[in-house]
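Peer 1: If you scroll down you'll find the structure; I have some questions about it.
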Amino acid sequence: MKARKLLALGLTAIIGATMMAGCGGGGGSTTSQSSDGSSASGTYAFVAKDVQNPYMQKVYDGFEKACKEIGAEPLYKGPEAATPEKQIEIINQLVAQNVAGIAIAANDADALQPALTEAMDAGIKVISLDSAVNKDSRQTHIQQADPEKIGRGLIQAAYEMVDGNGGIAVLSATAQATNQNLWIEWMKELEENPEKYANTPLIKVAYGDDDPTKSTSETQALLTDSSIKVIIAPTTVGMLAAGKVLQDKQSDVKLTGLGLPSEMAPFIEDGTCPWMYLWNPVDIGYLSGYTMDALVKGTITGDVGGSFNAGDLGEKKITEAADGGTEVMLGDPFKFDTENIAEWKEVY
Ligand code: RAM
């Protein structure tokens, strides 16, 4: 209840102006039962980038909530580390298990294609979320927010944080992460506006692999370059690790990116991170659950123009994605700063 109220609150504080201007069913069958016979829709499996990441757990919480409302059997899977190899093994197991649907946050756009094709050939519905697989490996993708707004918005934020003067570094997730790579691509905001960004060059893109230890050492390495004055971490794991390093060192280097309010509140409160952005991860999972159900029940096929009911999120539409496939967009990201972090840190 409280979360809903806060969500409504946050929507009014939307980024508009700043950043962003700113369940075991037989293969696709709708009637088969899960192993315990409890579900009419079947098993909807959720495959995380990795199961160590608290962000992924929050996304799954929303997926689980949707499955409960729908009457499907949710299943949480994922590798220990964010690699495609282990995700392929998991997909193969899910195909053998004959689940009704697979929703995956991909660790590689292309590497999962043979396994996911086999799943779809077996009648299993496949969607990606958070981090997309290529258009041929899915029925549709759940897009958190417009990637262009995210990439450009993060550069604009970094620019403001250093008053137009100081090098920028990016601390990303893995080098194959489709979501992070797309956001980094939109950081061409820099090259497209050479005059504005003449004194804020992008010095380095480092990869912390969404691993806290590696993200920490990569941040420490970035700090050895004194020309870097601001770090953009478009990953919740990177944000937290970088925040801790900067705070420990009492560094003047600023931090922005995509962080969980519950994790980043202390760093926003002490000025290490003046502001950051994120969408509601629980809503991403919830939307994924309802999209999966609409596919399994045949309300949508994943083609452009389809629309379906997404529970509390209302009516949702399938639109064309930048990669030529289709997607369902959640909405605009939120901006978190000293004004609203105290409320939002309680929510997610
Ligand atoms: C991390 C993951 C995830 C991303 C968020 C912002 O938790 O890399 O894929 O969407 O950050």
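Peer 1: N134: net charge of surrounding residues, Cβ under 12 Å, Lys/Arg +1, Asp/Glu -1, itself excluded?
Peer 2: Once all neighbours under 12 Å are counted, the net charge is -2.
Peer 1: Non-local amide H neighbours of I104 (under 5 Å, H modeled in plane, Pro and chain starts lacking H): which ones?
Peer 2: The answer is V47, I127, S128, L129.
Peer 1: Per 0.36 nm of contour for each residue apart, how much would the distance between D270 and A122 grow if the chain were fully extended, relative to their Cα-Cα spacing?
Peer 2: The D270-A122 span can extend by a further 48.0 nm.
Peer 1: May I pose another question? Counting pairs of Cα atoms in segment 201-348, how many percent are more than 24 Å apart?
Peer 2: More than 24 Å apart: 45 percent of the Cα pairs in segment 201-348.
Peer 1: What is the projected area of the convex hull of the Cα atoms of segment 42-153, averaged over all directions, in nm²?
Peer 2: Result: a mean projected hull area of 7.0 nm².
Peer 1: What list of ³J(HN,Hα) couplings, whole Hz, do you get for segment 113-120 from phi and the Karplus terms 6.51, -1.76, 1.60, once you set θ to phi - 60° and write x for glycine and proline?
Peer 2: After applying 6.51 cos²θ - 1.76 cosθ + 1.60, I find 4, x, 5, 6, 5, 4, 4, 5 Hz.
Peer 1: Tabulate in residue order the Karplus-calculated ³J(HN,Hα) for segment 66-73, using 6.51 cos²θ - 1.76 cosθ + 1.60 with θ = phi - 60°, rounded to whole Hz; enter x for Gly and Pro.
Peer 2: Whole-Hz 3J(HN,Hα) from phi for segment 66-73: 4, 4, 5, 5, 7, x, 9, 9.
Peer 1: If you take the Cα atoms of segment 151-268, find Rg, then find the Kirkwood Rh from the mean of 1/r over all pairs, what is Rg/Rh?
Peer 2: 0.93
Peer 1: Search the structure for amide H atoms under 5 Å from the amide H of I168, placed 1.01 Å from N in the peptide plane, and list their residues when 5 or more places away or on another chain.
Peer 2: For I168, the qualifying residues are L202, I203, K229.
Peer 1: Percent of alpha carbon pairs in segment 134-220 separated by more than 15 Å?
Peer 2: In whole percent, the share of Cα-Cα pairs in segment 134-220 beyond 15 Å is 64.
Peer 1: Taking a ≥ b ≥ c as the square roots of the Cα gyration tensor eigenvalues, with a/c under 1.5 meaning rounded and otherwise prolate when a/b beats b/c, else oblate, which class fits segment 137-178?
Peer 2: It comes out oblate by the Cα gyration axes.
Peer 1: Once you order the gyration tensor axes a ≥ b ≥ c over the Cα atoms, which shape class does segment 253-305 get: rounded for a/c under 1.5, otherwise prolate or oblate by comparing a/b with b/c?
Peer 2: The shape class here is prolate.
Peer 1: Residues with amide H under 5 Å of G257's amide H, sequence separation 5 or more or different chain, H placed in the peptide plane at 1.01 Å from N; which?
Peer 2: A233, Y277
Peer 1: Relative to the present Cα-Cα distance, how much length would full extension add between Q250 and D61 at 0.36 nm per residue of separation?
Peer 2: Length gained, Q250 through D61: 64.5 nm.
Peer 1: Straight distance only, please: which aspartates and glutamates reach the Cα of K49 with their own Cα at less than 14 Å, same-chain residues fewer than 8 apart left out?
Peer 2: Qualifying aspartates and glutamates at Cα under 14 Å: E80, E85, E89, D108, D130, D209, D210, D211.
Peer 1: For D136 and T213, compute 0.36 nm times the residue count separating them, minus their Cα-Cα distance, and round to one decimal in nm.
Peer 2: 24.3 nm
Peer 1: Right, something else. For D163 and T338, what does the FRET efficiency come to when R0 = 25 Å and r is the distance between their Cβ atoms, rounded to the nearest 0.05?
Peer 2: Taking R0 as 25 Å, the efficiency between D163 and T338 is 0.85.
Peer 1: If you don't mind, there's one more thing I want to ask. What does the convex hull of the alpha-carbon atoms of segment 300-348 project to on average, in nm²?
Peer 2: With every direction weighted equally, the projected area is 4.9 nm².
Peer 1: So, one more: Going by average Cβ neighbours within 10 Å, how do the peptides 306-312, 56-62, 202-208 rank, with the highest at the top?
Peer 2: Order by mean packing, descending: 56-62, 202-208, 306-312.
Peer 1: Packing-wise, with mean Cβ within 10 Å as the measure, how do 330-343, 171-184 rank, highest first?
Peer 2: So the order, starting with the most tightly packed, is 171-184, 330-343.
Peer 1: Quickly rank 66-76, 139-149, 313-323 as a protection proxy: mean count of other C-beta atoms within 10 Å, highest first.
Peer 2: The peptides rank, most packed first, as 139-149, 66-76, 313-323.
Peer 1: Please figure out what share of the DSSP beta bridges in the chain is antiparallel and state it in percent, rounded to the nearest 5.
Peer 2: That works out to approximately 20 percent antiparallel.
Peer 1: Taking N as the number of residues in the chain, what is its Cα Rg relative to 2.2 N^0.38 Å?
Peer 2: In units of the globular-protein estimate, the chain measures up at 0.98.
Peer 1: I need the phi-derived Karplus couplings for segment 55-61: 6.51 cos²θ - 1.76 cosθ + 1.60, θ = phi - 60°, integer Hz, Gly and Pro marked x.
Peer 2: 4, 4, 5, 5, 4, 5, 3
Since every read-out is calculated from the coordinates, none of them should be taken as a lab result. Note that the structure is a prediction, hence the values are computed from the model and not measured. Ideal geometry is used to build each Cβ from the backbone, glycine not excepted, and the neighbour counts take in all protein chains shown.
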